[in-house]
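The values are calculated or read from the model by the stated rules, or taken from the named source; none is laboratory data. For clarity, every value in this text was computed on a predicted model and none was experimentally measured. Here Cβ is always computed from backbone atoms with ideal geometry, including for glycine, and neighbour counts include all displayed protein chains.
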Amino acid sequence: MPKVLITGMSGTGKSSVVRRLGERGHRAVDTDYGDWSHRVDDEWIWREDAIAGLLDEEGSVFVAGCMSNQVRFYPRFDHVVLLSAPAEVMLARIEARTGNPYGKSPGERQAILDDLAEIEPLLRQSASLEIDTRAPLDEVVRRLERLM
């Protein structure tokens, strides 16, 4: 049963995608919420015991997140999917979203742009698939469902 990591920068649509996958009956976990992540030395990282437990469970699962320690789990995923979008699209989505306050301040917006330049290329190198999320949400979800 496939385990799929959905990763990408803030504003690329990870939460929307994982929510829609859940609505369509898939097991889908957004690690930005709940007890999946915690702050260590001013950095949000996955709770490795929690993620390991999740991946040990039987059945397929979509896991969404972008944490510095996710690379430790890449061997446990069948697919690592990078969601991407141009900076202007990401920033417009972040400005409009209501469920997550991150990215509203000028400093956070600059951090997002810095991460886009520094971190997204690293994610792209390790991804097995990249999906441009300017496509309609249901099309993005269908592409992910084909991995199951």
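Picking from 93, 97, 39, which residue would you name as being farther than 21 Å from residue 119 by Cα, among the basic types (Lys, Arg) and modelled with pLDDT under 95?
When all the criteria are applied, what remains is 97.
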Checklist entry - Is one or more of the residues making up the stretch 104-126 within 23 Å of residue 1 (Cβ to Cβ), surrounded by fewer than 19 Cβ atoms within 10 Å (Cβ to Cβ) and not acidic (Asp, Glu)? => result yes
Item to check | residue 17 aliphatic (A, V, I, L, M) and closer than 18 Å to residue 139 by Cα | outcome: yes
Item to check | Within the stretch 47-67, tally of residues that are of a type outside the set (A, V, I, L, M) and part of a helix (DSSP H, G or I) | outcome: 4
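Taking the stretch 20-46 as the region of interest, how many residues are in a loop (DSSP other than H, G, I, E, B), under 13 Å from the mean Cα position of the chain (by Cα) and touching a residue at least 24 places away in the same chain (Cβ under 8 Å)?
Residues in the stretch 20-46 being in a loop (DSSP other than H, G, I, E, B), under 13 Å from the mean Cα position of the chain (by Cα) and touching a residue at least 24 places away in the same chain (Cβ under 8 Å): 2 in total.
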